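A short write-up of the structure that comes next.
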Amino acid sequence: MTIYNISTYIKTKTDPKYIVYEMELYKIDDKDNKVYALESTGKQNLQADKRTLVHSSLDISDPENTSYILELNLFHKLGNDEYEVLPEPMTAIIPLKGFLTADKKWGLSREFEYNETTEKTQNGHVFIYSVKVTFKSRAFEVKEHPVGDPLDPFSKEEVEKGLLLRLAKMDYPDQDQAMLCGPAAFFYCLLIDRPDLYKQMVKELWESGKTKIGTLKLEPSYDCRHPTKFFRKEPPEYLPKVPAIDWITLASLRDTENSFFDFDSPDDQIPGITTAGDLKTWFKKAGAEIIYEINTNIVNHITGPKLTLKDLCSLNSYVRKDTHVVMLITSRMFDTRVPIATKNHWIVWADKLKLINGHEVTEQTLLTELVELICFSWGSVDNQLLDNTTLADVIKYSYAAFVISKIP
């Protein structure tokens, strides 16, 4: 159990003596309730150095790499009165370790910034001050249907609509026509483990084009935030090749992590490829731990062997509520239209590999037995194996895998 000293800095040109804040630190549980590390501080005066007071957290048992949401509301002092100035509180993601170290990589996912202009008008003999708060504009836009266009895929309304479906688990991250199965696997696990952080990352990326979870920083390029060839050529042409909410998250992650290539179109191929090393690094930076792995080094990833029956049974033994099994396959396992059986697709198991009668696969199972695997892939969670898939087929098309703890 640990007590943390909670404080933050507000970047502002306004005299701090006119600013009052209210702050809390929390995460959201699976019943959509706030779990507080710091309950509301009540209204407090901002200090002269533009920092909040230092507030003691509750006694917390979470690991220090667990991410929380820091929420800050601001008020402006006018005489003896205080006026709420934000349309909604400012929020940012921060791991608990961020309160223990000055290392910026563990800090807030974004700055708290407050800028205002004050106009003085006269109404009779009473002066009225009107405070105008400035906010950053949205970060994503596509040329074919820009801001104000009824078909704008990145409008606030469309992104919020997509977010509601995600949080209700009515659909899942979907790379659709893009080479983004690796980022999709990462964001699927984040959505399952920490939907509050998933929501916050979408919000921050849409608003400012930047976000961070743990030490994993996402800052997509201008080209990624203004993609080309984004819409389908076949009717209905106005539909994006990738859902807007997934371009904001999946493409942002892939583009940020690319060293040499921008990822600026759903048609991009090479820049979208994700190695096992990439995926493991993203999960570790987000706070998860690698528990078990098979064939994940770069040599095996390129030329290495396929998984064995023993490997698949080992993976079965790790399927539980506090883990994720992530596996590299050929998408031919799900679709006979794929002409060449190459390792090209990441999936996440949602249940154990089983016989079609529901019994678990073991090392004694005959390779001719028909099997099923409920897993996440291409925006859905279900048994995506082709009809009459045998255990031998699964082995034939499986190449690498690793098991991670849940994202804290």
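The values are calculated or read from the model by the stated rules, or taken from the named source; none is laboratory data. Predicted model only: the values in this text are computed from it and were never measured. As a convention, Cβ positions derive from the backbone with ideal geometry for all residues, glycine included, and neighbour counts pool all protein chains shown. The accessibility values were calculated without ligands, DNA or RNA, using every heavy atom of the protein model including side chains. Shrake-Rupley method; radii C 1.70, N 1.55, O 1.52, S 1.80 Å.
Some notes on this structure:
- Computed [θ] at 222 nm, helices only, for the chain once each DSSP H run of length n ≥ 4 contributes -39500 (n - 2.57): -5500 deg cm²/dmol
- Max mean-square fluctuation residue, GNM over the chain, Cα-Cα springs under 10 Å, options Leu307, Leu216, Leu100: Leu100
- Simple spin-label estimate for Tyr238 and Ser61 in nanometres, 7 Å along Cα-Cβ: 5.3 nm
- Under a 5 Å amide H cut-off, with hydrogens placed 1.01 Å from N, Ile6 pairs with His55, Ser56, Ser57 among residues at least 5 apart or on other chains.
- Backbone phi angles across the stretch 185-202, fed through the Karplus curve with coefficients 6.51, -1.76 and 1.60 (θ = phi - 60°), yield HN-Hα couplings of 4, 4, 6, 4, 5, 5, 4, 6, 7, 9, x, 5, 6, 4, 4, 5, 5, 4 Hz in residue order; Gly and Pro are listed as x.
- Distance between the C-alpha centres of the stretch 370-406 and the stretch 184-233: 26 Å, rounded to the whole angstrom.
- Using distinct alpha-carbon pairs, which all enter the 1/r mean, Kirkwood radius of the chain in Å: 23.3 Å
- Measuring nothing but protein heavy atoms, the accessible surface of the stretch 36-99 at 1.4 Å probe radius is 42 percent carbon and sulfur.
- With protein chains left intact and a 1.4 Å probe, residues in the chain average 49 Å² of accessible area per residue.
- Per-residue HN-Hα couplings for the stretch 209-220 [Karplus 6.51, -1.76, 1.60; θ = phi - 60°; Hz; x = Gly/Pro]: x, 9, 6, 7, 10, x, 10, 8, 9, 10, 8, x
- Listed peptides 163-173, 66-76 by packing density, highest first (mean Cβ within 10 Å): 66-76, 163-173
- Estimated distance in nm for a label pair at Thr368 and Lys217, the labels positioned 7 Å out from Cα along Cα-to-Cβ: 5.9 nm
- When the Cα gyration tensor is reduced to axis lengths a ≥ b ≥ c, the ratio a/c stays below 1.5 for the stretch 139-272, which is therefore classed as rounded.
- Note that the stretch 260-353, at 37 °C in a medium of 0.692 mPa s, gets a Stokes-Einstein diffusion coefficient of 218 µm²/s from its Kirkwood radius over C-alpha pairs.
- Note on Thr281 and Tyr9: the model spin-label points, each 7 Å out from Cα along the C-beta direction, lie 2.8 nm apart.
- Amide H partners (placed H, <5 Å) of Leu239, local residues excluded: Arg232
- Amide H contacts of Tyr292 (H built 1.01 Å from N, under 5 Å, at least 5 apart or other chain): Val403
- Of all DSSP beta bridges confined to the chain, the antiparallel ones make up roughly 95%.
- For a paramagnetic label modelled on Asp335 (point 7 Å from Cα along Cα→Cβ), amide N atoms under 14 Å away belong, within the stretch 365-379, to 377-379.
- Label zone at Ile273, where the point sits 7 Å out along the Cα-to-Cβ direction: the stretch 341-365 residues whose backbone N lies under 11 Å: 343-344
- Exposure of Arg232 as accessible area (Å², to 10), given a probe of 1.4 Å and all protein chains: 50 Å²
- Using θ = phi - 60° and Karplus 6.51 cos²θ - 1.76 cosθ + 1.60, couplings along the stretch 400-405 (whole Hz; Gly, Pro as x): 7, 6, 8, 10, 10, 6
- For the stretch 203-245, carbon and sulfur atoms together expose 56% of the accessible surface, with a 1.4 angstrom probe and every protein chain in place.
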